[in-house]
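The values are calculated or read from the model by the stated rules, or taken from the named source; none is laboratory data. What you see is a predicted model, and the numbers here were worked out from it, not measured in a lab. Virtual Cβ from ideal backbone geometry, glycine too; neighbours counted across all protein chains shown.
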Amino acid sequence: MLAAGGVRAQQMQMPAQEPHHGMKMVPVRPEYPRMGRAQENAKSALVTLEQVQKIASESNPTLRQAQAEIRAANARQQQSGLYPNPTMAYTGDEIRGGAVGGGKQGFFLQQTVVTGGKLRLSRGVFGKDVKLAEIEGEEQEMRVQSAVKMAFLRVLAAQELLYARRDMAMIAQDAAETARRLMNTGQADETEVLEAEVEAQRMRMTARMQENTLREEWRSLAAVIGQPDLPLTMVAGDLEKGWPEVNEEEAVETIVKESPAVRIADAAEARAQSFLVRARRESIPDIQVRAGMEYNHETLGSVPFAKGWEGTAEVAVQVPLFNRNQGNVGAARADVDRAGQEKKRIALTLRERAASAVDQYANARLMAMEYRDEMLPRAKKAYGLMVERYGQMLASYPRVLDTQRKLFELQIEYISTLESVWTNGIALQGFLLTDGLEAPARPDEVDRPVRETNVPMPERTMSPGEGRRRP
(Lines give C-alpha, C1' and ligand atoms only; values in the text may rest on other atoms or scores of the structure.)
Protein backbone atom coordinates (compact mmCIF):
# COMPACT_ATOMS: atom_id res chain seq x y z
CA MET A 1 0.00 0.00 0.00
CA LEU A 2 2.92 2.32 0.61
CA ALA A 3 4.14 1.62 -2.92
CA ALA A 4 0.73 2.61 -4.19
CA GLY A 5 1.18 5.86 -2.32
CA GLY A 6 4.39 6.48 -4.26
CA VAL A 7 2.60 5.95 -7.56
CA ARG A 8 -0.12 8.34 -6.50
CA ALA A 9 2.52 10.90 -5.55
CA GLN A 10 4.02 10.69 -9.03
CA GLN A 11 0.59 11.18 -10.59
CA MET A 12 -0.12 14.18 -8.38
CA GLN A 13 3.11 16.16 -8.88
CA MET A 14 3.08 19.91 -9.07
CA PRO A 15 3.37 20.93 -12.74
CA ALA A 16 2.41 24.50 -11.81
CA GLN A 17 5.63 24.83 -9.86
CA GLU A 18 7.82 23.38 -12.58
CA PRO A 19 6.75 25.19 -15.78
CA HIS A 20 10.26 25.25 -17.17
CA HIS A 21 10.20 21.44 -17.42
CA GLY A 22 7.05 21.48 -19.49
CA MET A 23 5.42 18.73 -17.39
CA LYS A 24 1.96 17.71 -18.50
CA MET A 25 -0.81 18.18 -15.93
CA VAL A 26 -2.09 14.83 -14.61
CA PRO A 27 -5.73 14.79 -13.40
CA VAL A 28 -6.12 14.04 -9.68
CA ARG A 29 -8.94 11.90 -8.33
CA PRO A 30 -9.78 12.70 -4.68
CA GLU A 31 -9.50 9.78 -2.26
CA TYR A 32 -11.86 10.04 0.70
CA PRO A 33 -11.91 7.93 3.87
CA ARG A 34 -14.65 5.33 4.14
CA MET A 35 -15.73 2.52 6.40
CA GLY A 36 -15.86 -1.18 5.63
CA ARG A 37 -12.63 -1.64 3.72
CA ALA A 38 -11.44 -4.35 6.09
CA GLN A 39 -14.51 -6.43 5.24
CA GLU A 40 -14.04 -5.79 1.52
CA ASN A 41 -10.43 -7.00 1.63
CA ALA A 42 -11.04 -9.98 3.94
CA LYS A 43 -9.54 -13.23 2.68
CA SER A 44 -11.96 -15.47 4.57
CA ALA A 45 -15.55 -15.44 5.76
CA LEU A 46 -16.36 -12.63 8.15
CA VAL A 47 -17.17 -13.38 11.78
CA THR A 48 -20.50 -12.01 12.99
CA LEU A 49 -21.59 -10.92 16.45
CA GLU A 50 -24.20 -13.68 16.55
CA GLN A 51 -21.53 -16.30 15.90
CA VAL A 52 -19.24 -15.20 18.72
CA GLN A 53 -22.18 -14.87 21.12
CA LYS A 54 -23.18 -18.46 20.35
CA ILE A 55 -19.61 -19.67 20.88
CA ALA A 56 -19.44 -17.78 24.18
CA SER A 57 -22.68 -19.33 25.42
CA GLU A 58 -21.14 -22.77 24.81
CA SER A 59 -17.51 -22.21 25.76
CA ASN A 60 -17.21 -19.44 28.35
CA PRO A 61 -16.20 -21.24 31.58
CA THR A 62 -17.88 -18.75 33.91
CA LEU A 63 -21.32 -19.72 32.60
CA ARG A 64 -20.67 -23.34 33.51
CA GLN A 65 -19.35 -22.23 36.88
CA ALA A 66 -22.60 -20.38 37.51
CA GLN A 67 -24.66 -23.45 36.61
CA ALA A 68 -22.46 -25.64 38.82
CA GLU A 69 -22.99 -23.24 41.71
CA ILE A 70 -26.77 -23.49 41.26
CA ARG A 71 -26.54 -27.28 41.43
CA ALA A 72 -24.31 -27.05 44.50
CA ALA A 73 -26.72 -24.67 46.23
CA ASN A 74 -29.64 -27.02 45.57
CA ALA A 75 -27.61 -29.91 46.97
CA ARG A 76 -26.71 -27.92 50.10
CA GLN A 77 -30.38 -27.05 50.60
CA GLN A 78 -31.29 -30.72 50.34
CA GLN A 79 -28.61 -31.67 52.85
CA SER A 80 -29.64 -28.98 55.35
CA GLY A 81 -33.14 -30.42 55.69
CA LEU A 82 -32.21 -34.06 56.22
CA TYR A 83 -33.14 -35.64 59.55
CA PRO A 84 -30.27 -36.88 61.78
CA ASN A 85 -29.45 -40.54 61.34
CA PRO A 86 -30.36 -42.90 64.20
CA THR A 87 -27.65 -44.66 66.19
CA MET A 88 -27.67 -48.43 66.73
CA ALA A 89 -25.20 -49.87 69.22
CA TYR A 90 -24.26 -52.88 71.30
CA THR A 91 -24.10 -52.38 75.05
CA GLY A 92 -22.66 -54.47 77.84
CA ASP A 93 -22.32 -54.02 81.60
CA GLU A 94 -20.72 -56.02 84.42
CA ILE A 95 -19.67 -58.67 81.99
CA ARG A 96 -17.90 -61.58 83.71
CA GLY A 97 -16.39 -64.63 82.10
CA GLY A 98 -15.61 -68.11 83.28
CA ALA A 99 -17.89 -70.20 85.42
CA VAL A 100 -19.25 -67.20 87.25
CA GLY A 101 -20.93 -65.61 84.25
CA GLY A 102 -23.45 -62.84 84.81
CA GLY A 103 -23.60 -59.25 83.58
CA LYS A 104 -25.78 -57.60 80.98
CA GLN A 105 -25.50 -57.48 77.22
CA GLY A 106 -27.82 -56.08 74.62
CA PHE A 107 -28.45 -53.33 72.07
CA PHE A 108 -30.13 -49.95 71.85
CA LEU A 109 -31.43 -47.49 69.26
CA GLN A 110 -30.88 -43.75 69.72
CA GLN A 111 -32.52 -40.92 67.78
CA THR A 112 -32.29 -37.14 67.96
CA VAL A 113 -35.67 -35.46 67.61
CA VAL A 114 -35.16 -32.01 66.11
CA THR A 115 -37.55 -29.46 67.57
CA GLY A 116 -38.50 -25.87 66.91
CA GLY A 117 -38.75 -26.28 63.15
CA LYS A 118 -34.99 -25.93 62.86
CA LEU A 119 -34.71 -28.20 59.83
CA ARG A 120 -37.39 -26.25 58.01
CA LEU A 121 -35.65 -23.00 58.81
CA SER A 122 -32.32 -24.42 57.68
CA ARG A 123 -33.89 -25.35 54.36
CA GLY A 124 -35.17 -21.78 54.14
CA VAL A 125 -31.70 -20.34 54.73
CA PHE A 126 -30.14 -22.50 52.06
CA GLY A 127 -33.11 -21.82 49.81
CA LYS A 128 -32.00 -18.19 49.85
CA ASP A 129 -28.59 -19.42 48.70
CA VAL A 130 -30.28 -21.13 45.77
CA LYS A 131 -31.99 -17.86 44.89
CA LEU A 132 -28.68 -16.03 45.11
CA ALA A 133 -27.01 -18.58 42.86
CA GLU A 134 -29.82 -18.30 40.31
CA ILE A 135 -29.54 -14.51 40.20
CA GLU A 136 -25.77 -14.88 39.90
CA GLY A 137 -26.35 -17.15 36.91
CA GLU A 138 -28.60 -14.60 35.23
CA GLU A 139 -26.12 -11.85 35.98
CA GLN A 140 -23.24 -13.90 34.59
CA GLU A 141 -25.09 -14.38 31.32
CA MET A 142 -25.57 -10.60 31.07
CA ARG A 143 -21.94 -10.07 31.96
CA VAL A 144 -20.67 -12.45 29.29
CA GLN A 145 -22.97 -11.11 26.58
CA SER A 146 -21.96 -7.51 27.34
CA ALA A 147 -18.28 -8.44 27.39
CA VAL A 148 -18.58 -10.26 24.06
CA LYS A 149 -20.35 -7.30 22.45
CA MET A 150 -17.76 -4.85 23.73
CA ALA A 151 -14.84 -7.01 22.65
CA PHE A 152 -16.42 -7.54 19.23
CA LEU A 153 -16.98 -3.81 18.70
CA ARG A 154 -13.43 -3.08 19.76
CA VAL A 155 -12.16 -5.50 17.14
CA LEU A 156 -14.40 -3.83 14.56
CA ALA A 157 -13.08 -0.39 15.53
CA ALA A 158 -9.48 -1.64 15.53
CA GLN A 159 -9.74 -2.99 11.99
CA GLU A 160 -11.31 0.25 10.77
CA LEU A 161 -8.55 2.23 12.46
CA LEU A 162 -5.93 -0.01 10.87
CA TYR A 163 -6.97 0.97 7.35
CA ALA A 164 -7.24 4.62 8.34
CA ARG A 165 -3.74 4.49 9.83
CA ARG A 166 -2.40 2.88 6.68
CA ASP A 167 -3.97 5.66 4.64
CA MET A 168 -2.24 8.19 6.87
CA ALA A 169 1.06 6.40 6.27
CA MET A 170 0.49 6.57 2.51
CA ILE A 171 -0.26 10.30 2.70
CA ALA A 172 2.89 10.90 4.75
CA GLN A 173 4.92 8.85 2.27
CA ASP A 174 3.51 10.96 -0.58
CA ALA A 175 4.51 14.10 1.30
CA ALA A 176 8.07 12.81 1.84
CA GLU A 177 8.52 11.90 -1.83
CA THR A 178 7.08 15.24 -2.89
CA ALA A 179 9.49 17.07 -0.58
CA ARG A 180 12.43 15.23 -2.13
CA ARG A 181 11.30 16.20 -5.64
CA LEU A 182 10.88 19.80 -4.57
CA MET A 183 14.38 19.78 -3.11
CA ASN A 184 15.74 18.47 -6.42
CA THR A 185 14.20 21.50 -8.16
CA GLY A 186 15.36 23.92 -5.50
CA GLN A 187 11.87 24.56 -4.08
CA ALA A 188 12.52 22.89 -0.70
CA ASP A 189 15.52 22.53 1.56
CA GLU A 190 16.91 19.47 3.31
CA THR A 191 15.20 20.36 6.59
CA GLU A 192 11.76 20.06 5.00
CA VAL A 193 12.72 16.72 3.48
CA LEU A 194 13.96 15.36 6.81
CA GLU A 195 10.82 16.51 8.60
CA ALA A 196 8.64 14.86 5.97
CA GLU A 197 10.64 11.62 6.18
CA VAL A 198 10.37 11.58 9.97
CA GLU A 199 6.61 12.08 9.73
CA ALA A 200 6.35 9.28 7.17
CA GLN A 201 8.32 6.96 9.45
CA ARG A 202 6.12 7.92 12.39
CA MET A 203 2.95 7.15 10.45
CA ARG A 204 4.33 3.77 9.32
CA MET A 205 5.20 2.96 12.93
CA THR A 206 1.72 3.99 14.05
CA ALA A 207 0.16 1.74 11.41
CA ARG A 208 2.25 -1.20 12.61
CA MET A 209 1.25 -0.44 16.20
CA GLN A 210 -2.39 -0.50 15.12
CA GLU A 211 -1.82 -3.98 13.70
CA ASN A 212 -0.64 -5.04 17.15
CA THR A 213 -3.69 -3.37 18.69
CA LEU A 214 -5.97 -5.33 16.36
CA ARG A 215 -4.30 -8.59 17.38
CA GLU A 216 -4.63 -7.63 21.03
CA GLU A 217 -8.34 -6.89 20.69
CA TRP A 218 -8.87 -10.15 18.82
CA ARG A 219 -7.11 -12.11 21.56
CA SER A 220 -9.38 -10.45 24.12
CA LEU A 221 -12.45 -11.43 22.10
CA ALA A 222 -11.18 -14.98 21.64
CA ALA A 223 -10.52 -15.29 25.37
CA VAL A 224 -13.94 -14.04 26.49
CA ILE A 225 -15.74 -16.46 24.15
CA GLY A 226 -13.62 -19.33 25.46
CA GLN A 227 -11.66 -20.02 22.25
CA PRO A 228 -8.18 -18.55 22.87
CA ASP A 229 -6.62 -20.27 19.85
CA LEU A 230 -9.09 -18.83 17.34
CA PRO A 231 -7.09 -17.34 14.42
CA LEU A 232 -7.43 -13.65 13.64
CA THR A 233 -10.36 -13.02 11.31
CA MET A 234 -12.05 -9.86 10.13
CA VAL A 235 -15.43 -9.21 11.73
CA ALA A 236 -18.64 -7.99 10.12
CA GLY A 237 -20.39 -4.89 11.30
CA ASP A 238 -21.00 -1.19 10.85
CA LEU A 239 -19.94 1.25 13.56
CA GLU A 240 -22.15 3.97 12.12
CA LYS A 241 -25.42 2.04 12.29
CA GLY A 242 -27.51 0.74 15.17
CA TRP A 243 -25.94 2.70 18.00
CA PRO A 244 -27.02 1.52 21.46
CA GLU A 245 -30.13 3.48 22.40
CA VAL A 246 -29.85 4.82 25.93
CA ASN A 247 -32.24 7.25 27.56
CA GLU A 248 -29.76 9.53 29.26
CA GLU A 249 -32.39 10.93 31.64
CA GLU A 250 -33.60 7.54 32.88
CA ALA A 251 -30.50 5.36 32.50
CA VAL A 252 -29.13 5.95 35.99
CA GLU A 253 -32.44 5.26 37.78
CA THR A 254 -33.07 2.20 35.61
CA ILE A 255 -29.72 0.71 36.55
CA VAL A 256 -30.14 1.54 40.24
CA LYS A 257 -33.57 -0.13 40.33
CA GLU A 258 -33.19 -3.06 37.92
CA SER A 259 -29.55 -4.09 38.07
CA PRO A 260 -28.89 -7.71 39.08
CA ALA A 261 -26.58 -6.24 41.72
CA VAL A 262 -29.62 -4.78 43.46
CA ARG A 263 -31.47 -8.09 43.28
CA ILE A 264 -28.44 -9.86 44.69
CA ALA A 265 -28.24 -7.36 47.55
CA ASP A 266 -31.96 -7.87 48.27
CA ALA A 267 -31.53 -11.65 48.28
CA ALA A 268 -28.47 -11.38 50.52
CA GLU A 269 -30.46 -9.31 53.03
CA ALA A 270 -33.29 -11.87 52.96
CA ARG A 271 -30.74 -14.62 53.57
CA ALA A 272 -29.32 -12.75 56.56
CA GLN A 273 -32.81 -12.31 58.01
CA SER A 274 -33.54 -16.02 57.55
CA PHE A 275 -30.28 -16.90 59.26
CA LEU A 276 -31.21 -14.65 62.20
CA VAL A 277 -34.53 -16.47 62.63
CA ARG A 278 -32.68 -19.79 62.47
CA ALA A 279 -30.10 -18.66 65.04
CA ARG A 280 -32.86 -17.69 67.49
CA ARG A 281 -34.38 -21.18 67.26
CA GLU A 282 -31.04 -22.87 67.95
CA SER A 283 -31.52 -22.49 71.72
CA ILE A 284 -34.63 -24.71 71.63
CA PRO A 285 -33.17 -28.04 72.76
CA ASP A 286 -33.50 -31.18 70.71
CA ILE A 287 -34.77 -34.33 72.38
CA GLN A 288 -32.50 -37.36 72.67
CA VAL A 289 -34.54 -40.59 72.73
CA ARG A 290 -32.89 -43.92 73.50
CA ALA A 291 -34.48 -47.36 73.78
CA GLY A 292 -33.11 -50.90 73.81
CA MET A 293 -33.08 -54.44 75.14
CA GLU A 294 -30.54 -56.06 77.47
CA TYR A 295 -30.16 -59.69 78.50
CA ASN A 296 -29.48 -59.94 82.23
CA HIS A 297 -27.44 -63.04 83.08
CA GLU A 298 -27.85 -62.71 86.85
CA THR A 299 -29.82 -65.53 88.48
CA LEU A 300 -33.13 -65.15 90.25
CA GLY A 301 -32.09 -65.84 93.85
CA SER A 302 -31.69 -69.57 94.45
CA VAL A 303 -33.26 -70.47 91.15
CA PRO A 304 -30.57 -71.25 88.58
CA PHE A 305 -32.23 -69.23 85.87
CA ALA A 306 -31.12 -65.89 84.45
CA LYS A 307 -33.35 -62.85 84.73
CA GLY A 308 -33.46 -62.70 80.94
CA TRP A 309 -34.39 -59.81 78.66
CA GLU A 310 -35.00 -56.38 80.09
CA GLY A 311 -36.08 -53.21 78.35
CA THR A 312 -34.30 -49.85 78.65
CA ALA A 313 -35.45 -46.34 77.75
CA GLU A 314 -33.97 -42.86 78.12
CA VAL A 315 -35.21 -39.39 77.18
CA ALA A 316 -32.76 -36.48 77.52
CA VAL A 317 -33.00 -32.76 76.89
CA GLN A 318 -30.07 -30.35 77.01
CA VAL A 319 -30.97 -27.44 79.27
CA PRO A 320 -30.01 -24.10 77.65
CA LEU A 321 -28.76 -22.65 80.88
CA PHE A 322 -25.43 -21.10 79.89
CA ASN A 323 -25.34 -21.34 76.11
CA ARG A 324 -28.48 -19.99 74.48
CA ASN A 325 -26.68 -19.29 71.20
CA GLN A 326 -26.71 -15.63 72.15
CA GLY A 327 -23.36 -14.98 70.44
CA ASN A 328 -24.51 -16.32 67.10
CA VAL A 329 -27.81 -14.46 67.41
CA GLY A 330 -25.92 -11.22 67.95
CA ALA A 331 -23.68 -11.94 64.99
CA ALA A 332 -26.68 -12.74 62.81
CA ARG A 333 -28.38 -9.51 63.86
CA ALA A 334 -25.22 -7.60 62.91
CA ASP A 335 -25.18 -9.40 59.55
CA VAL A 336 -28.73 -8.21 58.91
CA ASP A 337 -27.68 -4.63 59.63
CA ARG A 338 -24.66 -5.04 57.39
CA ALA A 339 -26.76 -6.46 54.56
CA GLY A 340 -29.11 -3.47 54.77
CA GLN A 341 -26.19 -1.07 54.55
CA GLU A 342 -24.77 -3.11 51.68
CA LYS A 343 -27.96 -2.50 49.73
CA LYS A 344 -27.48 1.22 50.17
CA ARG A 345 -23.81 0.98 49.22
CA ILE A 346 -24.60 -0.96 46.06
CA ALA A 347 -27.23 1.59 45.05
CA LEU A 348 -24.79 4.46 45.59
CA THR A 349 -22.00 2.65 43.74
CA LEU A 350 -24.29 1.94 40.82
CA ARG A 351 -25.48 5.52 40.77
CA GLU A 352 -21.92 6.86 40.76
CA ARG A 353 -20.66 4.58 38.02
CA ALA A 354 -23.80 4.82 35.93
CA ALA A 355 -23.60 8.61 36.04
CA SER A 356 -20.02 8.45 34.82
CA ALA A 357 -20.91 6.01 32.03
CA VAL A 358 -23.90 8.13 30.97
CA ASP A 359 -21.67 11.20 30.86
CA GLN A 360 -19.13 9.41 28.68
CA TYR A 361 -21.85 8.00 26.44
CA ALA A 362 -23.50 11.39 26.01
CA ASN A 363 -20.19 13.09 25.22
CA ALA A 364 -19.16 10.38 22.78
CA ARG A 365 -22.53 10.44 21.02
CA LEU A 366 -22.41 14.24 20.76
CA MET A 367 -18.90 14.13 19.33
CA ALA A 368 -19.77 11.34 16.88
CA MET A 369 -22.73 13.31 15.56
CA GLU A 370 -20.60 16.43 15.22
CA TYR A 371 -17.95 14.51 13.32
CA ARG A 372 -20.51 12.81 11.08
CA ASP A 373 -22.79 15.76 10.36
CA GLU A 374 -20.49 18.77 10.56
CA MET A 375 -16.73 18.32 10.67
CA LEU A 376 -16.21 15.43 8.26
CA PRO A 377 -18.51 16.84 5.53
CA ARG A 378 -16.73 20.19 5.76
CA ALA A 379 -13.31 18.55 5.71
CA LYS A 380 -14.30 16.47 2.67
CA LYS A 381 -15.54 19.57 0.92
CA ALA A 382 -12.32 21.42 1.73
CA TYR A 383 -10.27 18.53 0.39
CA GLY A 384 -12.35 18.34 -2.79
CA LEU A 385 -12.00 22.08 -3.37
CA MET A 386 -8.26 21.86 -2.81
CA VAL A 387 -8.00 19.10 -5.41
CA GLU A 388 -9.97 21.27 -7.84
CA ARG A 389 -7.68 24.22 -7.18
CA TYR A 390 -4.69 22.00 -7.76
CA GLY A 391 -6.17 20.89 -11.06
CA GLN A 392 -6.55 24.55 -11.98
CA MET A 393 -2.90 25.14 -11.00
CA LEU A 394 -4.05 27.40 -8.14
CA ALA A 395 -2.76 25.24 -5.27
CA SER A 396 0.36 23.24 -4.62
CA TYR A 397 0.40 19.51 -4.13
CA PRO A 398 1.71 19.77 -0.53
CA ARG A 399 -1.41 21.80 0.28
CA VAL A 400 -3.53 19.00 -1.17
CA LEU A 401 -1.72 16.43 0.96
CA ASP A 402 -2.04 18.57 4.08
CA THR A 403 -5.79 18.95 3.57
CA GLN A 404 -6.13 15.22 2.96
CA ARG A 405 -4.10 14.45 6.09
CA LYS A 406 -6.40 16.60 8.22
CA LEU A 407 -9.41 14.82 6.74
CA PHE A 408 -8.04 11.39 7.64
CA GLU A 409 -7.09 12.59 11.12
CA LEU A 410 -10.73 13.55 11.64
CA GLN A 411 -11.76 10.11 10.36
CA ILE A 412 -9.50 8.43 12.93
CA GLU A 413 -10.96 10.57 15.71
CA TYR A 414 -14.44 9.74 14.44
CA ILE A 415 -13.78 5.99 14.56
CA SER A 416 -12.38 6.24 18.10
CA THR A 417 -15.43 8.24 19.15
CA LEU A 418 -17.76 5.65 17.62
CA GLU A 419 -15.98 2.98 19.63
CA SER A 420 -16.65 4.99 22.78
CA VAL A 421 -20.33 5.35 21.85
CA TRP A 422 -20.65 1.60 21.45
CA THR A 423 -18.68 0.51 24.52
CA ASN A 424 -20.36 2.94 26.90
CA GLY A 425 -23.79 2.24 25.41
CA ILE A 426 -23.31 -1.51 25.77
CA ALA A 427 -22.12 -1.07 29.35
CA LEU A 428 -25.24 0.93 30.21
CA GLN A 429 -27.57 -1.53 28.49
CA GLY A 430 -25.84 -4.38 30.35
CA PHE A 431 -26.21 -2.75 33.79
CA LEU A 432 -22.47 -1.97 33.88
CA LEU A 433 -21.56 -5.68 33.81
CA THR A 434 -18.54 -5.91 31.52
CA ASP A 435 -16.02 -8.53 32.68
CA GLY A 436 -16.96 -11.78 30.99
CA LEU A 437 -14.18 -13.82 32.60
CA GLU A 438 -14.78 -12.88 36.23
CA ALA A 439 -15.99 -15.92 38.12
CA PRO A 440 -19.49 -15.76 39.62
CA ALA A 441 -19.47 -15.19 43.36
CA ARG A 442 -20.46 -17.96 45.72
CA PRO A 443 -23.55 -17.34 47.90
CA ASP A 444 -21.59 -17.83 51.12
CA GLU A 445 -18.99 -15.18 50.35
CA VAL A 446 -19.18 -12.34 52.85
CA ASP A 447 -17.78 -9.39 50.93
CA ARG A 448 -19.73 -10.15 47.81
CA PRO A 449 -20.48 -6.99 45.85
CA VAL A 450 -18.13 -4.67 44.08
CA ARG A 451 -17.79 -7.41 41.48
CA GLU A 452 -21.45 -6.85 40.57
CA THR A 453 -20.58 -3.31 39.48
CA ASN A 454 -17.11 -3.78 38.09
CA VAL A 455 -17.53 -1.72 34.93
CA PRO A 456 -14.14 -0.21 34.10
CA MET A 457 -13.74 3.47 34.80
CA PRO A 458 -12.12 4.68 31.55
CA GLU A 459 -10.88 8.17 30.96
CA ARG A 460 -13.56 10.71 30.20
CA THR A 461 -14.38 11.20 26.56
CA MET A 462 -11.77 13.47 25.07
CA SER A 463 -12.41 16.54 23.02
CA PRO A 464 -11.30 16.48 19.37
CA GLY A 465 -8.15 18.44 20.13
CA GLU A 466 -6.88 16.06 22.81
CA GLY A 467 -4.81 12.94 22.35
CA ARG A 468 -6.56 9.66 21.75
CA ARG A 469 -6.29 6.53 23.84
CA ARG A 470 -4.84 4.45 21.05
CA PRO A 471 -2.10 5.00 18.52
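Being touching a Leu at 6+ places or on another chain (Cβ under 9 Å), assigned to a helix (DSSP H, G or I) and either aromatic (Phe, Trp, Tyr) or at pLDDT 90 or above (or both) is a condition met by no residue of region 86-99.
Looking at region 180-208, which of the residues that are of a type in the set (Lys, Arg) and under 10 Å from ALA169 (Cβ atoms) is surrounded by the fewest Cβ atoms within 10 Å (Cβ to Cβ)? Residue satisfying both the conditions and the ranking: ARG202. Name every residue in region 150-186 that is under 34 Å from the mean Cα position of the chain (by Cα) and of a type in the set (Val, Ile, Thr), in order of residue number. VAL155 - this is the single residue of region 150-186 that is under 34 Å from the mean Cα position of the chain (by Cα) and of a type in the set (Val, Ile, Thr). Scanning region 221-234 for residues that are within 20 Å of the chain's Cα centre (by Cα) and either aliphatic (A, V, I, L, M) or surrounded by 20 or more Cβ atoms within 10 Å (Cβ to Cβ) (or both) gives LEU221, ALA222, ALA223, VAL224, ILE225, GLY226, LEU230. Screening ILE171 against (1) modelled with pLDDT of 95 or more; (2) buried (at least 19 other Cβ atoms within 10 Å of the Cβ); (3) among the β-branched types (Val, Ile, Thr) leaves a single unmet condition, (1).
Yes or no, residue by residue, for (1) under 25 Å from VAL336 (Cα atoms); (2) touching a helix residue (DSSP H, G or I) at 6+ places or on another chain (Cβ under 7 Å); (3) surrounded by 15 or more Cβ atoms within 10 Å (Cβ to Cβ):
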residue: THR62; (1), (2), (3): no, yes, yes
residue: GLN77; (1), (2), (3): yes, yes, yes
residue: TYR90; (1), (2), (3): no, no, no
residue: ARG120; (1), (2), (3): yes, no, no
residue: ALA133; (1), (2), (3): yes, yes, yes
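Here ARG290 does not qualify as among the basic types (Lys, Arg), assigned to a helix (DSSP H, G or I) and surrounded by 15 or more Cβ atoms within 10 Å (Cβ to Cβ).
All of ARG324, ARG278, ARG263 fail the test of being within 30 Å of MET88 (Cβ to Cβ) and among the basic types (Lys, Arg), apart from ARG278.
The number of residues in region 293-329 that are among the charged types (D, E, K, R) and outside any strand (DSSP E or B) comes to 1. Residues considered: ALA382, ALA332, ALA354. Of these, the only one that is assigned to a helix (DSSP H, G or I) and under 30 Å from the mean Cα position of the chain (by Cα) is ALA354.
Table: residues versus (1) part of a strand (DSSP E or B); (2) β-branched (Val, Ile, Thr); (3) at pLDDT 75 or above; (4) surrounded by 11 or more Cβ atoms within 10 Å (Cβ to Cβ).
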site: ALA9; (1), (2), (3), (4): no, no, no, yes
site: GLN13; (1), (2), (3), (4): no, no, no, yes
site: ALA42; (1), (2), (3), (4): no, no, yes, yes
site: ILE55; (1), (2), (3), (4): no, yes, yes, yes
site: PRO84; (1), (2), (3), (4): no, no, yes, yes
site: GLY106; (1), (2), (3), (4): yes, no, yes, yes
site: THR112; (1), (2), (3), (4): yes, yes, yes, yes
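For region 114-128, a tally of residues being in a helix (DSSP H, G or I) and touching a residue at least 40 places away in the same chain (Cβ under 8 Å) returns 9.
All told, LEU366 falls short of being part of a loop (DSSP other than H, G, I, E, B), over 30 Å from GLN187 (Cα atoms) and without any contact (Cβ under 8 Å) to a residue 12 or more places away in the chain.
Look at (1) free of Cβ contacts under 8 Å to residues at least 12 places away in the same chain; (2) exposed (fewer than 14 other Cβ atoms within 10 Å of the Cβ) and you find that MET393 fails only one, number (1).
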